[in-house]
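Structure record follows, encoded as structure tokens.
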């Protein structure tokens, strides 16, 4: 079963906050009353006894200590910035396995944690953005891909791996070739809207499907990986529980945020492979 960290964080903060509130309203007055009663019953109060009477229950003490920390983490993670680690190579060459990235949580609007409901509209995803979202077929899994199709767009991907948006061919320029596990791969410079970035295509893999076309519904987005032949994205998703016209589309309510920076890379988290910062920088 997948761990729902945002829900656990909200519950933990709520429990600690409740303990702090109970201490303020009930436990603290009770301790003060006990101390006052003791001091009134003896001529020379014992400091050790007073300290014992004023001692908070252990659970309450922990709750009050953790509450401000949990609140800060909750606010930062829910409304400002959330860290992620890249688990696969679907966004190579832009993002590599083991890259640690930061995601801007307010670029596309302020959303409530857990239920992900937008309460303040700030902006919408733009073509070319690298976006984190919850996988439509499994809301507990986060995906990261590039925004290709906006609401109303007609997207076509051809058998020779060319991308068309609203009937216009997306420009790409061959940069270089590199070795791959399947032989060799080509790197291209692609331009989506105002964003220029690199994509990768395997030379030995042929797109087996015929030319395929999708129309992006209102409130949805079409996503692809930059590693075009090694990415499970909008071109391939299939789910019998999702209406046919919405297959491959990411609804607005599934958006997590915009990936904007790589701050560290650690492909093998162990002592023999230390983290490095050579890939640190803004995400294009």
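The values are calculated or read from the model by the stated rules, or taken from the named source; none is laboratory data. This structure is a prediction, so every number in the text was calculated from the model and none was measured. Using ideal geometry, Cβ is built from the backbone for each residue, glycine included, and neighbour counts are taken over all protein chains shown.
Take the conditions within 21 Å of residue 191 (Cα to Cα), in contact (Cβ under 8 Å) with a residue 60 or more places away in the chain and touching a strand residue (DSSP E or B) at 6+ places or on another chain (Cβ under 9 Å) and apply them to residue 252. Does it pass?
Judged against the criteria, residue 252 is not a match.
Among the criteria (1) crowded, with 18+ Cβ neighbours inside 10 Å; (2) assigned by TED's automatic domain parsing to the domain that holds residue 147; (3) farther than 20 Å from residue 140 by Cα, the one residue 105 does not fulfil is (3).
Within the range 7-29, the set of residues being over 30 Å from residue 113 (Cα atoms) and either within 34 Å of the chain's Cα centre (by Cα) or surrounded by 12 or more Cβ atoms within 10 Å (Cβ to Cβ) (or both) comprises 27, 28.
Residue 194 meets all of the listed conditions (1) farther than 22 Å from residue 143 by Cβ; (2) in contact with a strand residue (DSSP E or B) (Cβ under 8 Å, 6 or more places away or on another chain) but one, namely (2).
Could you tell me whether the range 76-90 includes any residue that is part of a loop (DSSP other than H, G, I, E, B) and either surrounded by fewer than 16 Cβ atoms within 10 Å (Cβ to Cβ) or free of Cβ contacts under 8 Å to residues at least 24 places away in the same chain (or both)? Yes, because at least one residue in the range 76-90 is part of a loop (DSSP other than H, G, I, E, B) and either surrounded by fewer than 16 Cβ atoms within 10 Å (Cβ to Cβ) or free of Cβ contacts under 8 Å to residues at least 24 places away in the same chain (or both).
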